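Okay, structure first, notes after.
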Amino acid sequence: MYRGREGQWAFLLHRASGIAIALYLFIHVVNISLAMFGPEVANRAMVMFHSWPFRFGLLALGAGVVYHALNGLRIIVMDFTGWGVKRQRELWYLVMILSVVIFIAFSIKIVPEIIAGMGN
């Protein structure tokens with residue numbers, strides 16, 4: 001029976017953040033490949049990618065990358081130590097706390113830049 005405990009949330013968030021990272025990489029490759037079609041096409045795409053909705057998307061991507069990386073380290077600890085398996089719940093809460101703290105620090109720098117760019 002599905003109970004929605006920490007392990008299942010960690011699994012779901014790890015998969016979702018991994019898919020978001022893969023989607024970003026795909027968009028990044030498409031963006032770079034637009035240079036083949038000339039500077040006009042590439043410049044139009046760059047204007048779109050520098051708009052505020054895409055910048056908030058990058059902020060969300062940053063949160064996903066941080067969580068994915070820290071949770072990956074948690075998974076490594078669980079795979080290689082018996083201690084990690086016994087403490088997986090506490091490790092997941094540590095991953096969440098560290099993710100939020102790092103995201104807040106990241107946001108303090110990025111959000112003012114996004115807001116300043118919204119007028120453009």
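Just so it is clear, none of the values below were taken in a lab; they were calculated from the coordinates. What you see is a predicted model; the values in this text were computed from it and never measured. Note: ideal-geometry Cβ built from the backbone for every residue, glycine included; neighbour counts use all protein chains shown.
The table that follows gives values for the structure above.
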quantity	calculated
Angle in degrees between helix 88-117 and the longest Cα principal axis of the chain, rounded to the nearest 10	20
Cβ-placed point charges (K, R +1; D, E -1), dipole of segment 6-117 about Cα centre in debye, nearest 20	180
GNM result for the chain, Cα springs below 10 Å: residue of F106, F80, F11 fluctuating most strongly	F80
Normalised contact order of the chain, rounded percent, pairs of Cα under 8 Å and 6 or more residues apart	31
Per-residue ³J(HN,Hα) for segment 48-62, Karplus 6.51 cos²θ - 1.76 cosθ + 1.60, θ = phi - 60°, Hz, x for Gly and Pro	5, 6, 9, 6, 5, x, 5, 5, 5, x, 5, 5, 5, 4, x
Of G72, G38, G18, the one that fluctuates the most in a GNM where the chain has Cα springs shorter than 10 Å	G38
Simple label model, 7 Å out from Cα along Cβ direction - A22 to L94, nm	2.9
